[in-house]
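Chemist: There's a structure below that I have some questions on.
The values are calculated or read from the model by the stated rules, or taken from the named source; none is laboratory data. Note that the structure is a prediction, hence the values are computed from the model and not measured. Reconstructed Cβ throughout: ideal geometry from the backbone, glycine too, with neighbour counts over all protein chains shown.
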Amino acid sequence: MMKSYEMKLILCLTALMYFSAIGISQKNFAKEADAAFMNESFFTAIELYKKAEVKEKKPAEKARINYQIAECYRFMVEPAQAQTFYNRCIMLKFDKDNPELYIHLADVLKEQGDYKAAKENYNKYLTIDANSKLAKLGAESCEKAIAWMDEPTKHFVQNEIQINTDHYDYSSAWGDKKHETVIFSSSREGSTGDAVDMRTGESYMDLWVTTRDNKGKWGEPIPLPLTVNTEDNEGASVLTKKGDKLFFTRCPREKKSNIGCDIFYADKQGEGWKKAQKVVLKPDSLQSASCGHPTLDMTGNLMIFASDIPGGYGGKDLWYSEFNKRDKVWTDPVNLGSTINTSGDEMFPHLTDKKVLYFSSTGHPGMGGLDLFKAENTGNKIWENVENLRYPLNSAEHDFGIIFERGSDERRGFFTSNRDGGKGKDDLYSFNLPDIVFSLVVYVTNKEDNEPVPGVTVKLKGDDGSEVVRTTDADGKLVFEEENKKRFINKETSYQIEVSKEEYLMAGNTISTKGEEKSKRFLEEVFLQPVVNEEGEALVIDFPEVQYAYDKWDLLVDNRINSKDSLDYLYNTLIQNPDIVIELQAHTDCRGSSRYNKDLSQKRAQSCVDYLISKGIPADRMVPVGYGESTPRADGLECKTIDKMGTKEEQEAAHQRNRRTQFRVLSSDYKSPEQD
């Protein structure tokens, strides 16, 4: 899979390439280029290969040289250039004997965000090798990347332009206990020494430090002292929790020797650092292997780092070592296992105080190049359940080196990316996941006249045990939102809204934040039913229509209507208002004799009461009264008026309005026998 420049810089790669017979006229250029490539001097190798390619006549060797150039650009993280030379290789038929070219081409296409074309090339290779894990992983990654971009996380990502340059700026670490200072790696001007790294054509990397002021503005970065920085490459660091030791990566150089990177540490001395010492993690026989990217647990006695020492799963793996306090040495490295490590590269680990492991990988399904992942601690030095951090923390290019602000609950921090739109080749980015904030606005309205009701008591009760009581203002409005950093509406909580005022029936509603993934302002209008009119007389209150079989008092229940459901409204009213006693009224139309209608309506009122008693409402809270035809619903609905209506339809509609079931509140001081 695709590897970033930092991989080569910090954890020197071992490359195995194709070598063919080289023509006499190109012998020096091609040989020099191959040697530079093997020494990972990709910047130098490209220039030499291009000179060799101009004079080369043999198609096979010309194709090989173009392939080598493409590989150099791939390792230097210049995917567009790599794509150009891979396509030249295909024109020169290099893919016939080297079909893995399609995987590399797909990798650089994916790194440019062209997931459709990348997937086509992964699938093309699968027609040659249907069991290729790399091609299957690549195709799967393309599908996931498209889905993640369609549904991004809520993170806000911003380039730290005050820190970044047009060079490499990457792999930030906290430089103090208060998290006001950041240490990072950079190839900017002013680095130690004046040599040029032939891998990139840039200066060698140093560790730099910058401090932000009270307004969050970063100061001018300065390099760490020469006790830490050298003329070699220094990068990827971590500070102990006490702030007394700095562990970092150093990649020394020796002529004609391939020496891998090592982890060093420096002790704090006043405002500076003592001379750095090497952490011995590999035997002398493995000096070409690399160890780097250290992270520490809270005690500083457990170190997780990246390495290509033998015994891993391929590429760079994550390993851990523990500090032996008695002997003052670090123990032999132990591989974190297959739940974390893959045949790709796992690097740039970061261990949080809660033991969550963050790292970057090319071997787990990702969006392109290195992606950021996290894994939960499931046991003693065991991490599982790897999860991609998705877009926009991850991009089509390389994303790595994440750290978090103190007290941010892993919602704010920094990481490195070479994504489009940056200031340099690698840039530092800050990120922030805005907290999900909920508020509630309650409007209380008189159900009879739709006027706002002031002075209403609103009780908000959460299933998390929270409870708050407030009162509506003159406009019948009440707002529950954050006050003095206290929140009233919390995540993953259901709430009961209880609204009450004297001479009104209690009412309420429910809201829930469970499953809500975005900030939300809940707007709830609650209608209060008055129980008396302006003269203090009891109001007759309607509720959903209750119907009966013709000429009977049985509650009508069929596929058209369920009168029991209608009575459940009244049941809920009685439950919400446990101190009221009601008169349940039944009315008929005026057809039939008055005595008959009176008797029928009384039986119908009793049927309603019987149903409510069956639901658990005490009988002494309800008085059934049948009014027969004696009380029309309104003026103009008397029998003599109905008889004068022009059509039977109008007459039937009027009779229907008179056939009704209602209630009124007789008292509001009921006490159950248990309360006496």
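Chemist: Examine the range 644-664 for a residue that is modelled with pLDDT of 85 or more, outside any strand (DSSP E or B), acidic (Asp, Glu) and under 30 Å from LYS501 (Cα atoms), and state whether such a residue exists.
Modeler: no
Chemist: With respect to SER417, is the statement that it is under 16 Å from the mean Cα position of the chain (by Cα) and in the same structural domain as PHE184 (by TED's automatic domain parsing) true?
Modeler: no
Chemist: Could you tell me how many of the residues in the range 243-272 are under 18 Å from VAL209 (Cα atoms) and either in contact with a helix residue (DSSP H, G or I) (Cβ under 6 Å, 6 or more places away or on another chain) or surrounded by fewer than 20 Cβ atoms within 10 Å (Cβ to Cβ) (or both)?
Modeler: Here the count works out to 10.
Chemist: Output the residues belonging to the range 410-452 that are touching a Leu at 6+ places or on another chain (Cβ under 8 Å), over 30 Å from ASN159 (Cβ atoms) and among the aromatic types (Phe, Trp, Tyr).
Modeler: Listed by number, the list holds a single entry, TYR443.
Chemist: Give just the number: which of (1) surrounded by 15 or more Cβ atoms within 10 Å (Cβ to Cβ); (2) of a type outside the set (Ser, Thr, Tyr); (3) in contact with a Lys or Arg (Cβ under 8 Å, 6 or more places away or on another chain); (4) within 22 Å of GLU483 (Cα to Cα) does VAL441 not satisfy?
Modeler: Unmet condition: (1).
Chemist: Right, next: Scan (1) surrounded by 13 or more Cβ atoms within 10 Å (Cβ to Cβ); (2) within 20 Å of LEU336 (Cβ to Cβ) for the single condition ASN324 breaks and write down its number.
Modeler: (1)
Chemist: Give GLY462, GLY476 a once-over and let me know the one that is crowded, with 16+ Cβ neighbours inside 10 Å, assigned by TED's automatic domain parsing to the domain that holds GLU498, under 27 Å from the mean Cα position of the chain (by Cα) and farther than 30 Å from THR200 by Cα.
Modeler: GLY462
Chemist: Could you list all residues from the range 523-571 that are modelled with pLDDT under 90, outside any strand (DSSP E or B) and surrounded by 15 or more Cβ atoms within 10 Å (Cβ to Cβ)?
Modeler: Scanning the range 523-571 gives PHE543, VAL546, GLN547, TRP553, LEU556, ILE561, SER563, LYS564, SER566.
Chemist: For the range 375-382, state whether one or more residues are basic (Lys, Arg), assigned to a strand (DSSP E or B) and either over 20 Å from the mean Cα position of the chain (by Cα) or in the same structural domain as HIS179 (by TED's automatic domain parsing) (or both).
Modeler: For the range 375-382, residues basic (Lys, Arg), assigned to a strand (DSSP E or B) and either over 20 Å from the mean Cα position of the chain (by Cα) or in the same structural domain as HIS179 (by TED's automatic domain parsing) (or both): absent.
Chemist: Something else about it: Of all the residues that make up the range 375-400, how many are in contact with a strand residue (DSSP E or B) (Cβ under 8 Å, 6 or more places away or on another chain) and more than 18 Å from VAL157 (Cα to Cα)?
Modeler: 10
Chemist: Out of all the residues in the range 486-497, which are touching a Ser or Thr at 6+ places or on another chain (Cβ under 8 Å) and in a strand (DSSP E or B)?
Modeler: Across the range 486-497, the qualifying residues are SER494, TYR495, GLN496, ILE497.
Chemist: Has the range 631-650 got any residue that is touching a residue at least 24 places away in the same chain (Cβ under 8 Å) and among the small types (Gly, Ala, Ser)?
Modeler: no
Chemist: Sort out which residues of the range 59-117 are among the hydroxyl-bearing types (Ser, Thr, Tyr), under 20 Å from GLU397 (Cβ atoms) and surrounded by 17 or more Cβ atoms within 10 Å (Cβ to Cβ), and write them in order of number.
Modeler: TYR73, TYR86, TYR115
Chemist: Just for the range 430-450: of the residues that are in contact with a Gly (Cβ under 8 Å, 6 or more places away or on another chain) and of a type outside the set (A, V, I, L, M), which one is farthest from LYS518 (Cα to Cα)?
Modeler: That would be THR445.
Chemist: Would you pick out the residues in the range 318-352 that are of a type in the set (Gly, Ala, Ser) and at pLDDT below 95?
Modeler: SER343, GLY344
Chemist: Looking only at residues that are assigned to a helix (DSSP H, G or I) and under 45 Å from the mean Cα position of the chain (by Cα) in the range 5-33, which one is modelled with the highest pLDDT?
Modeler: Top of the filtered list is GLU6.
Chemist: Do you know which residues across the range 336-371 are surrounded by fewer than 24 Cβ atoms within 10 Å (Cβ to Cβ), among the hydroxyl-bearing types (Ser, Thr, Tyr) and within 12 Å of LYS316 (Cα to Cα)?
Modeler: THR342, SER343, listed by residue number.
Chemist: Looking only at the range 166-180, which residues are surrounded by 18 or more Cβ atoms within 10 Å (Cβ to Cβ) and of a type outside the set (D, E, K, R)?
Modeler: Hits for the range 166-180 are HIS167, TYR168, TYR170, SER171, SER172, ALA173, TRP174, GLY175.
Residues checked against (1) modelled with pLDDT of 95 or more; (2) closer than 27 Å to THR573 by Cβ; (3) exposed (fewer than 12 other Cβ atoms within 10 Å of the Cβ):
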{"residue": "GLU482", "(1), (2), (3)": "no, no, no"}
{"residue": "THR493", "(1), (2), (3)": "yes, yes, no"}
{"residue": "GLU502", "(1), (2), (3)": "no, yes, yes"}
{"residue": "SER519", "(1), (2), (3)": "no, no, no"}
